[in-house]
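Just so it is clear, none of the values below were taken in a lab; they were calculated from the coordinates. This one's a predicted model, so the numbers in the text were calculated from it and none came from an experiment. When we count neighbours, we look across all protein chains shown, and the Cβ atoms used for this are built from the backbone with ideal geometry, even at glycine.
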Amino acid sequence: MAYIDSSVIIGQAGDVEKESGSYENIKYMKCEPKNSFFPDLSKTARTDVIFFCSLNNPTGHAASRQQLEQVVRFAQENGSIIVYDSAYAVYISDESPRSIYEIPGAEKVAIEVSSFSKIAGFTGVRLGWTVVPKELLYSNGFPVINDFNRIVCTCFNGASRIAQAGGLASLSKEAVISLIDYYKENAEILLETFKSMGLRVYGGVNAPYLWVHFPSSNSWNVFVPGSGFGPAGKEFIRVTAFGQRENILEASRRLRSFL
């Protein structure tokens, strides 16, 4: 959603279509259970930029190698640039790629962005990184990195030394593994809770997020509706494992009490 907000602010999203509530220049790639949370690219319109997040927020789905190969091939054939969000890649524990650059040829069509927000709980500290390969060129042969450097140097003075020091400290193997395991255990508790309630739930294995289906539920008094993440989120809510263990256990207890 942050990408859409930025596009709206700079006037690139076009007008709002009244019936759907969507912006005319933004093409949504529907990701839902029936397509295994991966869009049908054969029916996807060509766009200048493709925003793709894996491990995905909010669904908790990690794209397979074959799926990412499709995305890279689509970008190559259509002259598109992929902006690949890998902020949650550290939670992937199976063979799913953790970086778009694991796919051959991706360095010519993709930018990768990531963040310490989900690695080390840096949500308010604002520390991350962007990879812009020198091989990534516009159709006229001009390097994308040149424009990127100009924008960054003009608009940003760099991360504070305090944030950088914290980021470096958090990258120790012991610190990362300890924190990731803690949140994944939280996710496992929530996953078992929703399953015991007979609900269809996705994510929570390779992800700190769970995507829970509540059939015929369109109005939410307590939760943020899944439709806030896009049209395919109707009847879903996103549940996060980012929290203190005692709060996760209390939430689990209260949820089970509704059975």
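General remarks:
- Column: log10 I(q)/I(0), Debye, Cα scatterers of the range 31-170, q = 0.20 Å⁻¹: -1.28
- Dividing the mean sequence gap of close Cα pairs (under 8 Å, 6+ apart) by how many residues the range 31-170 holds gives a relative contact order of 17 percent.
- For the range 173-256, the square roots a ≥ b ≥ c of the C-alpha gyration tensor eigenvalues yield an a/c of 1.5 or more together with a/b exceeding b/c, which makes the shape prolate.
- Per-residue ellipticity at 222 nm, computed for the chain from helices alone with -39500 (n - 2.57) per DSSP H run of at least four residues, works out to -10000 deg cm²/dmol.
- Neighbourhood net charge (15 Å Cβ-Cβ; Lys/Arg +1, Asp/Glu -1) for residue 236: +3
- Over the chain, the ratio between the Cα radius of gyration and 2.2 N^0.38 Å evaluates to 1.07.
- Filter on 43/184; 27/108; 34/184 - keep pairs with C-alpha separation over 32 Å: 43/184
- Straightening the chain between residue 185 and residue 65 buys 40.6 nm, computed as 0.36 nm per residue apart minus the Cα-Cα spacing.
- Mean Kyte hydropathy of -0.5 or more with a Cα span along the axis of at least 15 Å, helices from DSSP in the chain: 144-155, 173-196
- For the peptides 240-249, 151-160, 208-217, residues were scored by their other Cβ atoms within 10 Å and the scores averaged per peptide; the highest-first order is 208-217, 240-249, 151-160.
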